[in-house]
Amino acid sequence: MDLWPLVGRTEELGVLLDLLDADDGSSSGAVVVGRPGVGKTRLVRELAAQAADAGWAVRWVVGTDAARSIPLGAFAQWGATLVDTDPLKLVGDVIAAVTATGRGQRVLVAVDDAHLVDELSAFVLFQLVLRRAATVVATIRSGERVSDTVRALWKDARLSRLDLQPLSRPHSYTLLSAALGGPVEQQCADQMWHLTMGNTLFLRHLVDQELGARRLIASPEGWRWTGDLGLSDTLVDLVGAQVGAVPAGVGEVVDLVAVAEPLELALLRSLAEPGAMEECERRGLISVSVGTDGGQRVRVGHPLYGELRLKRCGRAGAARLRGRIATHMADTTTAAGAGVDPVRLGRLWMASDLPPDPGVLAAAAHAAYTRMDIVAAAEFAKAAVAAGAPAHTRLLLAHSLSLIDGPEAAAVMLDELATTALPQPLPSVVLQLRAANRLWPLADPDGSWAVIDDALANGSATVRAEALAFRALQQATAARPTEALATSAVIDREQLPVMAGLMRGWAMTIALGDLGRPGEATAVAETTAATIAELPEAVLQSPGILLCHVQALILGGDLTQARTVAERGLRLWSDVPGVVHRAFAASIAGIALVGVGDLPQALTMLRAATTDPMMLAIRTGLPYYLAVINLEAAGYTGDHTVIGDALDLLDRSRHPAYAFLRPYEMLGSAWAAAGRGQHAAARNRLGEAADLARTTEQYAWEVRCRQAAIQLGDTGQASRLTELATQVQGVRVTLAARWAQALDHDDPDILLTVSTALETIGDRIGAADAAAHAAAAYQRAQRRGAALIASARVKRLIE
């Protein structure tokens, strides 16, 4: 730990070494400019060490505040015996002393913090360069005021200027690992990068501090950082020294930004003095950037500057500053308050010294919900309700609680709201949420059906129509697709509130997909999605309907369109805050990737979603859907460990509200058995799954299960698949029926044709199996050349 390695400066060091090697007199050195702590001194020390090894005479000069007021203070060690008072004579004597080597060596004068040298010392440096008496390499802190003489080093004396940037993230990781002598856990490396942002001085002191506090510890997986950061006195002093003494107005600018960054530039201008802002930016204490929306935002120049100011500000002071900012943000009559993010305003308000404002907090809750940050939505809504927000926010609180750890409390709130006089369309939303809360978060299908039964028996005509919409969804998820469509058909859509209409659209997408009508399922899903796009409070339904849409396309065999739709969802939701969106994005992408045989990527995405602690805490039953998709992918791999983990996940995730996925679960367990070499058991399982799907009229699932049985060599499927081809839409059933017939007749040419067709639609796993059947049939027909070609096709597809 005494001498950290030089990392990420190969190019910069090479530039400086080239200057030393220049024999044509084109350069007499360089000025290295950069922010405090980026490694300017470390770079020049490395240069000096290599120069000394090459035979140079190295002279170190250091500029300091203490010596700045003393003429030739920076060169005191070479001018201590000089008594002449003539400045020019003194300068000449110092130059002579610095350049005297006795052996004719070339001289390198390395100057640290040249912006702090006194004026006469700066003149010595200028003369050294002007006379070519020595090569000068100086470091200068960017943002500092420098004298005209120092500035002349690169303006007039033509020293090369090298602007040193902070280390990149990868180089910071490399430096950290090298300094600690071993690998570093990713989370630890990310946290230290976030705090130090490539500043090697801060990184070193932070590591020293955390090692001393025993929060940075070695583990078999690498160095791990435990506990919260507390700025030690040493680190506080270091950061404070780097920032330097600042006037009160300048410090307040940094404080304002630190408590609310990124802060809109227009808002900061309304709060701070222009001169103080300019001084902050000149010193690098704040930075202004332009976002993709064209807006200018201000951040603290370095994370640790902000940590220091917050520490000095104290809790009460920070709350006061946040109150000032929040008050200006809430004033929509000013430019500073235009286009304010309600969630940011809500966060500032809750952390300020202002009294709770139900309007501000309710707006923040609704905005957080539309972004699917359910935890934040519940937090804001709870505070808003406590401050007296109306029923609409109480409803949002109940819905948010139902999705996280409070479905029981949500049920009580929703039951109370059901007996309260509410403005339209809230009664419809209450009904839908009461039934949904019992169906999914409380895992109580019977209770959910009872809510709808009561509405159908005792409600008005409007209420009964709304109840029928959710009844259709209950029927679809209970694997009763024909009933779901029949229920949907008797509903007067013109009189249906939007939320109930979404439930109906969701039900129809599931039912039409299961019945083998993917084209109709697509039309309903796209119409429903267009409605959701105009209704922010229905955002939760969007990914669920899209997942069922992708499933319908896969069942029908339109895998190219399924992947296109899934990729659209992934782009929409993968980077949106909120675990629900990420999980849905993973499930939608995962099911499409499994469908086209991209198993490594599918398993990676599904594993990330199914192991996310927040994902497991969300009470939607979605982990079961993810587990079923994951089981199918695991079975295809044939990896016993992966399969075992997938089966364990499935056992932990089962949910009674997803009966329509029962054939899919059986299909996945059959592939898991096949992956373990239990082919007879796998075929039996697929037979049971196909029979179940036939009983429940989930004909598209019956096709998939029978295709899987064919893939495992099961003959005798041709008759039923030929029958299904007359009632199920999509290319999958047609190819499966043809495959079954060719397998029964041991016809290798048709089997190879089916393989090609399956690859064309994107079913690469099915294509590989059909080609394997063709290779075996060619072998039995003693057509060895064709068998080799088919076998090569199998190998290519599997790889």
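General observations
- Count of the stretch 127-183 residues, restricted to those that are touching an Asp or Glu at 6+ places or on another chain (Cβ under 7 Å) and open to solvent by 10 Å² or more (accessible area, probe 1.4 Å), is 4.
- Checking each residue in the stretch 94-126 for being open to solvent by 10 Å² or more (accessible area, probe 1.4 Å), hydroxyl-bearing (Ser, Thr, Tyr) and touching a residue at least 40 places away in the same chain (Cβ under 8 Å) picks out only Thr101.
- Of all residue pairs spaced 6 or more apart or on separate chains, those with beta-carbon atoms under 7 Å, a first member in the stretch 357-384 that is over 14 Å from Leu401 (Cβ atoms) and a second member that is among the β-branched types (Val, Ile, Thr) and assigned to a helix (DSSP H, G or I) are Ala362/Thr393; Ala364/Val343; Ala367/Val343; Met372/Val580.
- Meets criteria (small (Gly, Ala, Ser) and in a loop (DSSP other than H, G, I, E, B)) for Ala133: yes
- Single residue of the stretch 656-668 satisfying the filter (over 32 Å from the mean Cα position of the chain (by Cα) and under 19 Å from Asp639 (Cα atoms)) that is surrounded by the most Cβ atoms within 10 Å (Cβ to Cβ): Leu667
- Considering Met329, Met413, the condition of being open to solvent by 30 Å² or more (accessible area, probe 1.4 Å) and not in a loop (DSSP other than H, G, I, E, B) is satisfied by Met413 alone.
- Taken together, Ala617, Ala589, Ala608, Ala585 contain a single residue that is among the hydrophobic types (A, V, I, L, M, F, W, C), within 24 Å of Ala435 (Cα to Cα) and modelled with pLDDT under 90, which is Ala617.
- You will find that of Ala790, Ala786, Ala777, the residue that is of a type outside the set (Val, Ile, Thr) and either surrounded by fewer than 22 Cβ atoms within 10 Å (Cβ to Cβ) or within 42 Å of the chain's Cα centre (by Cα) (or both) is Ala786 and no other.
- Take the conditions (1) within 24 Å of Pro425 (Cβ to Cβ); (2) of a type outside the set (A, V, I, L, M); (3) modelled with pLDDT of 90 or more; Thr370 misses just one of them, which is (3).
- Which listed residue is open to solvent by less than 60 Å² (accessible area, probe 1.4 Å) and under 19 Å from Leu547 (Cα atoms), from Ile629, Ile643: Ile629
- Note on the stretch 671-700: residues that are in contact (Cβ under 8 Å) with a residue 40 or more places away in the chain and not in a helix (DSSP H, G or I) amount to 3.
- Scanning the stretch 725-751 for residues that are open to solvent by 70 Å² or more (accessible area, probe 1.4 Å) and among the β-branched types (Val, Ile, Thr) gives Thr726, Thr734.
- In the stretch 445-458, the residues that are free of Cβ contacts under 8 Å to residues at least 24 places away in the same chain and open to solvent by 20 Å² or more (accessible area, probe 1.4 Å): Asp446, Ala450, Asp453, Asp454, Leu456, Ala457, Asn458
- Residue in the stretch 29-44 that is part of a strand (DSSP E or B), modelled with pLDDT of 85 or more and more than 21 Å from Gln127 (Cα to Cα) present: yes
- Looking only at the stretch 186-203, residues that are open to solvent by 40 Å² or more (accessible area, probe 1.4 Å) and not in a helix (DSSP H, G or I) come to 1 in all.
- Inclusion of Ala49 among residues that are of a type outside the set (Val, Ile, Thr), touching a helix residue (DSSP H, G or I) at 6+ places or on another chain (Cβ under 6 Å) and either modelled with pLDDT of 75 or more or open to solvent by less than 60 Å² (accessible area, probe 1.4 Å) (or both) is not warranted.
- Test: residue in the stretch 457-472 that is at pLDDT below 95 and part of a loop (DSSP other than H, G, I, E, B): yes
The values are calculated or read from the model by the stated rules, or taken from the named source; none is laboratory data. Nothing here was measured: the structure is a model prediction, and the numbers come from that model. Because the Cβ atoms are built from the backbone with ideal geometry, glycine has one as well, and the counts that use them run over all protein chains shown. For accessibility, only protein heavy atoms count, side chains too; no ligands or nucleic acids. Shrake-Rupley method; radii C 1.70, N 1.55, O 1.52, S 1.80 Å.
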